[in-house]
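Encoded as structure tokens, the structure appears first; notes follow it.
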Amino acid sequence: MEIMNGGKALMKALEKEGVKEVFGLPGGANLPMYDELFKSNIRHILVRHEQSAAHMADGFGRVSRKPGVCFATSGPGATNLLTGIATAQADSAPMVAVTGQVPVNMIGRDAFQESDIIGMSNPSVKYAFQPRAVEEIPEVVKKGFYIAETGRPGPVLLDIPKDVQQNEAKVTFPDEVRMPGYHPWTDVDMVNIERAIDLLLSSEKPIILAGGGTIISSAFAELQSIAEMLMIPVVTTFKGKGSFPENHALSLGPIGMHGHAEANKIMTEVDCVLAIGTRFSDRSVGTFEEFERNLKIIHMDVDPAEIGKNQTTQVAVVGDVKASLRVMLKLLAKKALKKSDGNNWLKHVNEVKDYWRENLKLHPGEMSAAKILRKLREVLPKESIVTTEVGQHQMWASLFFDAIHPGTFFSSTGLGTMGWGFPAAIGAKVARPDVAVVDIAGDGSFNMTENSLATSVLEDIPVIVFLINNFSLGMVAQWQRTFYDRRMIGIDLKKCPDYVKLAESYGAQGIRAQSLDELGKAVKVGLNSDVATVIDIPIDPEEDVLPFVAPGTSLKDMILPS
Amino acid sequence: MWAILSIRVENKPGILFKVTNLFRARNFNIDSISVGVMENPEFSKMTITTVGTEKQIAQIVKQLDKMIDTIEVKRLDEKKSVYKELALFRIKSNVESDSTEISKLANTYGAKIHNGQEGSLIAELTSTPDKIKAFEESIKPFGILDSARTGVTAL
């Protein structure tokens, strides 16, 4: 037991959790904790907007699978964090967000920079704490980290009133915490795994659908072993991109609104799907009713509330998907079953795959999305980490950039938060300084958090921004062209700013690439650079993302390029 | 479909808000809600009645179960549990004959009559929601001036 103030108790508790970096921005209500941060061994990475702090913590968390930590002050600091917190919640990313709050006796009096962040954040956090006494701090930090990183991960908010940061008290740091209502892990469900195997083996046209949960539980090897043992083709959700090597013979790539043509085509033909760690987002499945027609679904997920939420399942296996897949593998090995790789279903799948890989019509011109993203794949080392912004470029990345090494592709898939990719790339680079990190960006989205260039340059966290620039809010423009008879409104960004000059003004490197050759060279320069590199790649603003499954329609109604 | 959910939660501030906010955010209905501290003051019991399809109710139970503040979520079987609600009705009663008639009805339903303000009576009935509804219909012709219900509680 030691006497210390709340700020110091917070830093000690964070250090005990192994925190080495926090992303944040100080203000009136979190000054006492910043004063203790100054005295601690934790590195502070200063952002220029709190939203970016949350995205950096999110990127850090997804890559390291440990909660990323972000700090903000009360009121606007806290509300600015909220978009980033909601993004982490939608994509099940581990995060601990720490906000300052007005002193306890001022709460509820509409004090300066007071906002009810506990109330505001409620549907968008996994849990939130507001310690009212210094003594509570070690326990809420311990609980916060435990909740954020176990089971289905998510963001936890610690909202600490200023006087609780300042006051001194005797504190103890618990080794264990008790939460009677929280049971993140369940035993492996042997009975249903057996049933799943029977169903899978009795089906004629099976497929594996790997979702983001496969990446979160790092079940890469298990997924690949099962697919190879049974010779079952693998599709992924968009969030599951990177769970299975996309250059693998059994890979068909992502399904969904902008899924691969071959993946969507095959998905409409299958009779049984082994769905791993997915919540069956509308963006992945199109319409729920049509998706499950004539389809038997085996659903493996750590979150029991996902079973039956969007799709009806025949067999549900609740639990950590890595543990479940391991058991499944063992049981399959005992059965010593091996489907021959000459089976008719796989032959048909390969025919469809080969057809679409050869015959999908691409946008003309040297600098089409497909060509520039394939060029990036060619020059980028396979272990590099890629994040994306949100928009057309993101869907092109899904279509034309193959994720090969496990867990190297991250995107804001659930909330679809523009501005996510660049700060998330910075967070990813902090987690993995040994590999290159590239943000595949669009101009509209990069625009939203481009001031993180200051953080990247001044904190010496170099990443590459691969900016596919169509001088517009391209996805909105595409929908206006497709669904609103070309009544274009609110989409023209008018070539402003000049991204090369913008990068240079922050002390970063700006390169404009107008040919594939220049592009390849620019990426190589970026890979060897000590500072952030923004590669501005102008493209045709009229290029659409195709194939396209229009909202509210089913995968079989996919629109193909004409 | 009508369902009775019995939820044991930690007795801490803010949990009622979180439970009701979950219903709102997930597009579920709350038909009635009642909350009280349990014999162990660490816990409170919430009883929520809700209306939805079988699938929706199963999903509500799972989402409530997922909440960290809920210790136990049970869907009660109507046939195997006792579920009651307390209702109070202020009924217009200006003439002697009305008051006699209301007392008779109250007797039939097992309601207690309290003296209300001038020209009115208060009927107190503890029963199931459908019996309360039936009683309400029977006294409607006299004129219901005000009413209050606790929501169902159940074991």
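The values are calculated or read from the model by the stated rules, or taken from the named source; none is laboratory data. Predicted model only: the values in this text are computed from it and were never measured. Please note: Cβ atoms are built from the backbone with ideal geometry, for glycine as well, and neighbour counts cover all protein chains shown.
Could you count how many residues in the range B:36-45 are within 14 Å of chain A (Cβ to nearest Cβ) and of a type in the set (Asp, Glu)? Number satisfying all stated conditions: 1. Screening the candidates A:Arg374, A:Arg357, A:Arg326 for the property of being free of Cβ contacts under 8 Å to residues at least 60 places away in the same chain and assigned to a helix (DSSP H, G or I) yields one hit, A:Arg374. What tally of residues in the range A:60-112 results from selecting those that are among the acidic types (Asp, Glu) and surrounded by 21 or more Cβ atoms within 10 Å (Cβ to Cβ)? Residues that pass the stated criteria total 1.
Mind checking which residues of the range B:1-15 are loosely packed, with under 15 Cβ neighbours inside 10 Å and within 12 Å of chain A (Cβ to nearest Cβ)? Within the range B:1-15, B:Lys12, B:Pro13, B:Gly14 qualify.
One residue stands out among those in the range A:542-562 that are closer than 22 Å to A:Glu389 by Cβ and exposed (fewer than 15 other Cβ atoms within 10 Å of the Cβ): the one that is modelled with the highest pLDDT, which is A:Glu542.
Okay, residues lined up against (1) over 26 Å from A:Met231 (Cβ atoms); (2) not assigned by TED's automatic domain parsing to the domain that holds A:Glu246:
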| position | (1), (2) |
| --- | --- |
| A:Val349 | no, no |
| A:Ser384 | yes, yes |
| A:Gly391 | yes, yes |
| A:Gln394 | yes, yes |
| A:Pro406 | no, yes |
| A:Thr413 | yes, yes |
| A:Pro423 | yes, yes |
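Looking across the range A:306-328 at every residue that is among the small types (Gly, Ala, Ser) and within 16 Å of A:Phe280 (Cβ to Cβ), the one that is surrounded by the fewest Cβ atoms within 10 Å (Cβ to Cβ) is identified as A:Gly308. If we scan the range A:152-160, do we find a residue that is charged (D, E, K, R), within 14 Å of chain B (Cβ to nearest Cβ) and touching a helix residue (DSSP H, G or I) at 6+ places or on another chain (Cβ under 8 Å)? Looking for residues that are charged (D, E, K, R), within 14 Å of chain B (Cβ to nearest Cβ) and touching a helix residue (DSSP H, G or I) at 6+ places or on another chain (Cβ under 8 Å), one finds at least one in the range A:152-160, hence yes.
Screening the range B:46-103 for residues that are among the acidic types (Asp, Glu) and within 14 Å of chain A (Cβ to nearest Cβ) and picking the one that is surrounded by the most Cβ atoms within 10 Å (Cβ to Cβ) gives B:Asp69.
A quick yes/no check of all residues on (1) out of contact with any Cys (no Cβ under 7 Å at 6 or more places or on another chain); (2) among the polar types (S, T, N, Q); (3) farther than 18 Å from A:Ile160 by Cα:
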position	(1), (2), (3)
A:Lys8	yes, no, no
A:His55	yes, no, yes
A:Phe60	yes, no, yes
A:Ser64	yes, yes, yes
A:Gly77	yes, no, no
A:Asn80	yes, yes, no
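So that you can scan it fast, the table gives a plain yes or no per residue for (1) modelled with pLDDT under 95; (2) over 21 Å from A:Gly414 (Cβ atoms); (3) not in a strand (DSSP E or B):
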site	(1), (2), (3)
A:Phe145	no, yes, yes
A:His183	yes, yes, yes
A:Val191	no, yes, yes
A:Ile207	no, yes, no
A:Ser225	no, yes, yes
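Look at the range A:92-124 and say how many of its residues are over 22 Å from B:Pro13 (Cβ atoms) and either within 14 Å of another protein chain (Cβ to nearest Cβ) or touching a Ser or Thr at 6+ places or on another chain (Cβ under 6 Å) (or both). So the answer is 2. Every test in (1) closer than 16 Å to A:Ile207 by Cβ; (2) in contact (Cβ under 8 Å) with a residue 40 or more places away in the chain; (3) within 14 Å of chain B (Cβ to nearest Cβ) is passed by A:Val285 save one, and that test is (3). Reported count of residues in the range A:409-429, each being surrounded by fewer than 24 Cβ atoms within 10 Å (Cβ to Cβ) and either assigned to a helix (DSSP H, G or I) or under 12 Å from the mean Cα position of the chain (by Cα) (or both), is 3. Scanning the range A:230-244 for residues that are over 27 Å from A:Gly421 (Cα atoms) and touching a helix residue (DSSP H, G or I) at 6+ places or on another chain (Cβ under 6 Å), we see that the one that is modelled with the highest pLDDT is A:Pro233.
Considering B:Lys74, B:Lys62, B:Lys66, the condition of being under 27 Å from B:Asp130 (Cβ atoms) and not hydrophobic (A, V, I, L, M, F, W, C) is satisfied by B:Lys74 alone. Residues in the range A:446-499 that are in contact (Cβ under 8 Å) with a residue 60 or more places away in the chain, farther than 29 Å from A:Pro547 by Cα and in a loop (DSSP other than H, G, I, E, B): A:Asn451, A:Glu459, A:Asp460, A:Ile461, A:Pro462, A:Val463. Comparison of A:Pro138, A:Pro123 shows that the only residue that is outside any loop (DSSP other than H, G, I, E, B), free of Cβ contacts under 8 Å to residues at least 12 places away in the same chain and assigned by TED's automatic domain parsing to the domain that holds A:Gly7 is A:Pro123. Summed over the range A:141-159, residues that are in contact with a strand residue (DSSP E or B) (Cβ under 6 Å, 6 or more places away or on another chain) and either farther than 20 Å from A:Gly213 by Cα or not assigned by TED's automatic domain parsing to the domain that holds A:Ala57 (or both) total 4.
Here B:Ile33 fits the description: touching a helix residue (DSSP H, G or I) at 6+ places or on another chain (Cβ under 9 Å) and either more than 9 Å from chain A (Cβ to nearest Cβ) or under 24 Å from A:Lys126 (Cβ atoms) (or both). Taking the conditions (1) free of Cβ contacts under 8 Å to residues at least 40 places away in the same chain; (2) in contact with a strand residue (DSSP E or B) (Cβ under 7 Å, 6 or more places away or on another chain) in turn, A:Pro174 satisfies each one other than (2). Being in a strand (DSSP E or B) and within 24 Å of A:Ser251 (Cβ to Cβ) is the requirement here; does A:Thr387 meet it? For A:Thr387, the condition - in a strand (DSSP E or B) and within 24 Å of A:Ser251 (Cβ to Cβ) - is met. Selection of strands (runs of 3 or more DSSP E) fully inside the range A:1-85 by the criterion of at least 2 residues being in contact (Cβ under 8 Å) with a residue 60 or more places away in the chain and out of contact with any His (no Cβ under 6 Å at 6 or more places or on another chain) returns A:2-5, A:21-24, A:43-46. Scanning the range A:290-324 for residues that are hydroxyl-bearing (Ser, Thr, Tyr) and closer than 28 Å to A:Asp557 by Cβ, we see that the one that is nearest to the other protein chains (Cβ to nearest Cβ) is A:Thr312. What number of residues within the range A:281-305 are surrounded by fewer than 24 Cβ atoms within 10 Å (Cβ to Cβ) and either under 29 Å from A:Gln392 (Cα atoms) or of a type in the set (Gly, Ala, Ser) (or both)? Matching residues across the range A:281-305 total 10.
If you go through the range A:129-140 and keep only what is surrounded by 20 or more Cβ atoms within 10 Å (Cβ to Cβ) and in contact with a Pro (Cβ under 9 Å, 6 or more places away or on another chain), you end up with A:Gln130, A:Pro131, A:Ile137, A:Pro138, A:Val140.
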